[in-house]
C-alpha cells in the first residue's frame, strides 16, 4: 500500500513538489478571488510563470554544481 | 470538431506518440536480444492493464459535477504539464540530457544479454521488461486520455487519438526495424508540456470559478503565451549556464 501511494506521488508530483503545492495554492486563491466577485482569470497565468521560472532556475543551479 | 476538441486530440496524439516511441525501443531491445513471443506477451498484458485502468476510472471521472471535475482535472494537468515543460526547458537549454533512442536501445540490449541464456519456451525477463516498459510509458498516456477526455466528455475521442498514435508508431517501427531515433521526441515533449499546462490552466481556473475573457477563445492566447514563456526561459538558460552532460535513466518522462 505504501509503495503504491509512493508510486502515485512520484507519478503525479514528480521531481519538484513545490510545483504541485504552488498549483494547489493558486487554484485556492483563484476560487477565493472569484468568490469575492472579482475577476480571477489572471491568478493562474501569473502563478504558472512564477512556479515554472523558480523550478527551472532551481534545477539549473543544481545541474551546474 | 471544436477548437478544444482539436486541442484534445492533438495533445493526446503527440503525448501518446512520444511515449510509444520510448516503449517501442524497450520492446525492440528485449525482443531482438531475448525472445519475441515473451516480449509481445508482456506488451499484451500491459495493454490489457491500461485498458482496464481507463475503463474503470473513465466513468467514475465523467460522473463528477463539471465544476469539481474541472478543478481536479485542471490542477492535475497543470502539475503534470509543468513537470513535462520543466524537463523540456532544461533539455532545450542543454542542462539535461536529451532522449537518445539509439543509446537507450543499446543499454537495454546490453542489459538483456547480460542476464544469461534465455529459456526455450517462456522468457520471464523479456516479459517483465516489456510489460514494465509499456505499462510505465502507457500510464502517462492513460492519465492524459482520462483527464482530457473526461473533462470534455470525449474519452472516446481521446482514446481514438491515442490508438492512432500507437498504430502510427508501430507501423513506423515495423518499417524501420530499429528504434525510431529520428522522431523529434524532445520537440514533441516540449509541445505536449505546453498543451497540458495551457489546458490545465484554462480548465483549472474555470473550475475554481474564474471566467476567461473571450471564453474558449482565450485558449488562442493561452497556448502561444505559454509557448513563448517556455521558449524564452530555455533561451535565457542556454545563454547563462554551461551545458551539463547527464545520462538519463532508460525509462523517464
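The values are calculated or read from the model by the stated rules, or taken from the named source; none is laboratory data. All of these numbers come straight from a predicted model, not from anything done at the bench. Every residue, glycine among them, receives a Cβ derived from its backbone with ideal geometry; neighbour counts consider all protein chains shown.
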What residue, among those in the range A:19-42 that are more than 25 Å from residue B:90 (Cα to Cα) and facing another protein chain (nearest Cβ under 7 Å), is nearest to the chain's Cα centre (by Cα)? A:27
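Only residues that are within 14 Å of chain A (Cβ to nearest Cβ) and either in a helix (DSSP H, G or I) or in contact with a strand residue (DSSP E or B) (Cβ under 7 Å, 6 or more places away or on another chain) (or both): list them for the range B:91-142, please.
B:91, B:92, B:132, B:135, B:136, B:137, B:138, B:139, B:140, B:141, B:142
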Condition set surrounded by fewer than 23 Cβ atoms within 10 Å (Cβ to Cβ), more than 13 Å from the chain's Cα centre (by Cα) and part of a helix (DSSP H, G or I), scope the range B:1-27, selection modelled with the highest pLDDT: answer is B:9
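Under 21 Å from residue B:133 (Cα atoms) and modelled with pLDDT of 85 or more - does that describe any residue in the range B:70-80? Explain how you work it out, then say what you get.
Let us first name the residues in the range B:70-80 that are under 21 Å from residue B:133 (Cα atoms), namely B:80.
Subsequent filtering for residues that are modelled with pLDDT of 85 or more retains B:80.
Checked the range B:70-80: at least one residue is under 21 Å from residue B:133 (Cα atoms) and modelled with pLDDT of 85 or more.
Out of B:218, B:210, B:232, report the one residue that is more than 19 Å from residue B:9 (Cβ to Cβ), in contact with a helix residue (DSSP H, G or I) (Cβ under 8 Å, 6 or more places away or on another chain), within 14 Å of chain A (Cβ to nearest Cβ) and in a helix (DSSP H, G or I).
Result: B:218 is the single residue among B:218, B:210, B:232 that is more than 19 Å from residue B:9 (Cβ to Cβ), in contact with a helix residue (DSSP H, G or I) (Cβ under 8 Å, 6 or more places away or on another chain), within 14 Å of chain A (Cβ to nearest Cβ) and in a helix (DSSP H, G or I).
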